[in-house]
Structures are given as structure tokens and as C-alpha cells.
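*Asks:* My questions will all concern the structure given below.
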Amino acid sequence: MDLIMRTLLEDIDAYIDGTPTAKRRISVFLFNPGAHLIFSFRISKFLHRRRALRPLSKIIWYLNTIIFSCYISPKSIIGRAPIFPHPVGIVIGEGAKIGDNVTVYQHVTLGRQSSNADGYPTIGSGVTIYTGAIIVGKTYIGDNCIVGANALILHSMEAGSAALSPISTIRQIK
């Protein structure tokens, strides 16, 4: 239980460091919907790991989908200190892996290419994924990448690169 409390405090501190409007832990805890989304994911994941508590995990997951219109599987892996500035319409499939200090904006999808395809995306640390981006299949997005709004990513990106629009090529960030 101590580990989950430390993780939740790290998540709150990420909002204080990464969001201009968040000033104090108590205000993030009470009034930040992005923080609420990650809290409920963490609790659902904690419960999902305990076989006897999986029904409760499913209830929390379901409430998450209703309240935030987000589908974040408790089987997915989300690293330390993520930021969800506008937590609406985010889809993170069960096999997706997200590194530390990742920012995910609204209407982002991380999932499989099709229902019979294998593989989910792996997102490195320090990545920013902007509004409406879709990252599908067994792809790897390297550390410190930028995925622009409405970009469709079907192939892996090297660390420090950017896909800035739906029709742009991937570029190395200088």
C-alpha cells in the first residue's frame, strides 16, 4: 500500500511540474480530471493484480469509461508521472506499454491494427502524443519523441524524432 501511495504522490507532483494551472497537491487531487483518470487507472490495476478483487477492478474500469469516456485497460502498463491534460476519448489497449513522464492529449488511441493482429505499441519515456494521434500495431516510439495532432503511426520511431502531421514524414529532433 505504501508503494501505491508513493506512486500517486509522484503522479500528483507530475501535474504540479508539468501543468501551469496546478499549484498545490490538494488542488490537483481534488480538481484535476487528468489526475483523477490516472488515479482510477492505478487503483483498477492494483485490484486487477489480485485475482479475488478483479470484479471490483472491472467496476472501477467501467466507471472510468463512463466518467472520462476513456478506455484504459488495467492490463496496460503506464510508467511513472504521466500527464493527461485533457482526459477525454483516450484509448489504451491491454497490451500497450507507456514509459515515464509521457504526456497524452485527448482522443489518442494506442491499440492493435485489427482484432486478429498481434502486438500493441510501446511508448518510450518523455514522449508527447498530441490530440487525435493514432498509434497502432507492434510499434516502438523512442524516448523524447513528439507525435503530432492527428498523426497515424504504423511504424516505429527512433528516439528524439517527430511525426508532426498526418502526412509528414518522421523527422529527427535537433
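Nothing in this text is a laboratory measurement; each read-out follows from the coordinates by a stated rule. Just so we're clear, the structure is a prediction, and the values are computed from it rather than from any experiment.
*Asks:* If I take every Cα pair under 8 Å that is 6 or more residues apart in the chain, average their sequence separation and divide by the length, what percent do I get for the relative contact order?
*Replies:* Relative contact order comes out at 12 percent.
*Asks:* Just to be sure I understand the curve: with the Debye formula and one point per C-alpha of region 98-145, what is log10 I(q)/I(0) at q = 0.27, 0.28, 0.30 Å⁻¹?
*Replies:* -0.99, -1.04, -1.11
*Asks:* Also: Any chance you could get the radius of gyration and Dmax over the Cα atoms of the chain, in Å?
*Replies:* Spelled out, the Cα radius of gyration and Dmax of the chain are 15.7, 50 Å.
*Asks:* Separate question: Say the cut-off is 22 Å between C-alpha atoms; which of K58/K138; K97/K138; K23/K45 go over it?
*Replies:* The answer is K58/K138; K23/K45.
*Asks:* With equal scatterers on the alpha carbons only and no solvent term, can you work out the Debye log10 of I(q)/I(0) for region 16-95 at 0.13, 0.15, 0.25 1/Å?
*Replies:* Log-scaled intensity ratios, in q order: -0.40, -0.52, -1.22.
*Asks:* Work out, in µm²/s and without decimals, the Stokes-Einstein translational diffusion coefficient of region 118-159 at 25 °C, 0.890 mPa s, Rh from Kirkwood over C-alpha pairs.
*Replies:* Estimated diffusion coefficient is 245 µm²/s.
*Asks:* OK, next. If each residue of separation counts as 0.36 nm, what is the full-extension length gain between Y62 and A117 once their alpha-carbon separation is subtracted?
*Replies:* Extending this stretch completely gives an extra 17.3 nm.
*Asks:* Let me ask something else. When the gyration tensor of region 79-168 is built from Cα positions, what are the square roots of 5 times its three eigenvalues, in whole Å, from largest to smallest?
*Replies:* Value: 16, 14, 14 Å, ordered largest first.
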